Amino acid sequence: MPITAIVGTQWGDEGKGRITDLLAADADISARFNGGDNAGHTVTVGQAIFRLHLIPSGLLHPAIVGVIGAGVVVNPRRLIEEIDQLAAQGLDVSPARLKLSAAAHLILPTHIALDRAGSGGLGTTQRGIGPAYAEKAARSGVRAGEMADLEAFAERVHAAVYSGGQVLRQLYGQEPPNPQAVAAEYYGYAQRLAPYVTDTSLYVYDALRAGRRVLAEGAQGVLLDLDHGTYPFVTSSTTVAGGVASGLGVGPQWIERVVGVCKAFQTRVGAGPMPTELTGPEGDRLRGTGEQPWDEFGTTTGRPRRCGWLDGVALRYAVRVNGLTELALTKLDVLSGLGRLRLAVAYEYRGERLENFPTTAAVLAECRPIYEDLPGWSEDISRARRRADLPAAARRYIDRVSEIAGLPVTIISVGPERQQTIVETSKAC
Ligand code: IMP
């Protein structure tokens, strides 16, 4: 098994960290290929809850090496905080276990300020993600590899903060961060992070050639992909499986398995159309109260997530755009106790039936879901460890999701704990 890619089939928050944690038991390397600390993965191991934003979730397994690939944008302050937090929780996060791509771009305070000032109605996570990728595309960004030469790095940071500050002042009338102070701060970060910087393309390539197994951990989901998501209500990176090869710097032929993580219902944070959204008590019921870490409130921002029924049209789109080979269905237990379940199987748009996900957010905003109703179940399913342990209505729901996607469901999560999972890899393609 060379590369197994794990990607989101929705608007992020599908439970990818959890599935990565499970599949990491058979992997040697766990790698992030896109996004930055806008991502938030919560993994519960026994009494311990780990919240990860930048560091690959697979690192929670002691034998795994984590890789932060070239496609990721890295806030060095946040990376250091996360390293320190995981170390305080007893994990080894030394440079032997974590590799940061020399080609990964760094997020600067100006990016964060520009994100806050300029991303208006998009409802971004305000982590500076969009401005950092914009600067990368404009070929003026600062890369992690530059930290090797501390003096030159500090000068580059100074220049980048100065020019970003001009935009802040002129466009938004804001007082920019002090370039001198930021350069000094980043000099300190570089001293700390330089030992982690690696040619990760070569590292991953050599590992693959030596027969090691790599998990590529996607952040966000297909509907937030810069090209294929509900533009402009998207993030600024490639969230789909196609991004694995470019984001890690290895060829696509190494990718063998593409696991689409699909929550048993739909959620979205931030602005943009969501045809199956439930704004009343049913939506509140799916969201939970926020008392539990696995309730539907953002790991990164704490914002309540918009909740709704599972969208089968979007799921079929995720299958196509990612080339999924199987599905992992998460949070099935949240549906327990609902009398009736609904699944969107098509949309109605201006009187016509649409089978395929539209290419523009404007059309999606006018789409109404065409639902199929299925019976619910009232039993507690959190102790099920085989599909046969589930009530017939739950099995029927899973079968219908599988039929809509045209793929086997190989993993089902029935509770927040690591072991509350049904794994049927024999069903994998
Ligand atoms: P950005 O990635 O911070 O630029 O935010 C762009 C859009 O993506 C916003 O709607 C965010 O709420 C959404 N987003 C970014 N990261 C995540 C995530 O990890 N989960 C869910 N939504 C996300």
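Things worth noting here:
- Search result, residues across region 175-184 that are touching a helix residue (DSSP H, G or I) at 6+ places or on another chain (Cβ under 8 Å) and either crowded, with 17+ Cβ neighbours inside 10 Å or assigned to a helix (DSSP H, G or I) (or both): 176, 177, 179, 180, 182, 183, 184
- Some residue of region 86-109 being of a type in the set (A, V, I, L, M) and closer than 19 Å to residue 301 by Cβ: yes
- Every condition in (1) at pLDDT 95 or above; (2) open to solvent by 10 Å² or more (accessible area, probe 1.4 Å); (3) part of a strand (DSSP E or B) holds for residue 44 except the one numbered (1).
- Within region 356-401, the set of residues being closer than 21 Å to residue 326 by Cα, of a type outside the set (Asp, Glu) and open to solvent by 10 Å² or more (accessible area, probe 1.4 Å) comprises 356, 357, 385, 386, 387, 388, 395, 396, 400.
- Search result, residues across region 66-84 that are open to solvent by 30 Å² or more (accessible area, probe 1.4 Å) and not acidic (Asp, Glu): 77, 78
- From 5, 39, 31, residue being more than 9 Å from the ligand (Cβ to nearest atom), within 20 Å of residue 78 (Cα to Cα) and outside any helix (DSSP H, G or I): 31
- Verdict on residue 130 being without any contact (Cβ under 8 Å) to a residue 40 or more places away in the chain and more than 20 Å from residue 198 (Cα to Cα): no
- Residues being more than 12 Å from the ligand (Cβ to nearest atom) and either basic (Lys, Arg) or assigned to a loop (DSSP other than H, G, I, E, B) (or both) - total across region 258-278: 5
- The listed residue being over 19 Å from the mean Cα position of the chain (by Cα) and modelled with pLDDT under 95, out of 302, 283, 251: 283
- Selection status of residue 312, open to solvent by 40 Å² or more (accessible area, probe 1.4 Å), of a type outside the set (Lys, Arg) and either outside the structural domain of residue 371 (by TED's automatic domain parsing) or closer than 28 Å to residue 395 by Cβ (or both): no
- Taking residues in region 353-375 that are of a type in the set (Ser, Thr, Tyr), and partners anywhere that are open to solvent by less than 50 Å² (accessible area, probe 1.4 Å), the pairs with Cβ atoms closer than 6 Å and at least 6 places apart or on different chains are 371/344.
- Of residues in region 279-324 being of a type in the set (D, E, K, R) and outside any loop (DSSP other than H, G, I, E, B), the one nearest to residue 370 (Cα to Cα): 311
- Unique match (being surrounded by fewer than 19 Cβ atoms within 10 Å (Cβ to Cβ) and either of a type in the set (Asp, Glu) or in a helix (DSSP H, G or I) (or both)) among 24, 63, 96, 87: 87
- For region 99-119, taking the residues that are among the hydroxyl-bearing types (Ser, Thr, Tyr) and either assigned to a helix (DSSP H, G or I) or away from the ligand (no atom under 16 Å from the Cβ) (or both), the one that is nearest to residue 234 (Cα to Cα) is identified as 110.
The values are calculated or read from the model by the stated rules, or taken from the named source; none is laboratory data. Just so it is clear, the model here is predicted, and its values are computed rather than measured. Virtual Cβ from ideal backbone geometry, glycine too; neighbours counted across all protein chains shown. Ligands, DNA and RNA are stripped out before the accessible areas are found, and what is left, the full protein with its side chains, is counted by its heavy atoms. Shrake-Rupley method; radii C 1.70, N 1.55, O 1.52, S 1.80 Å.
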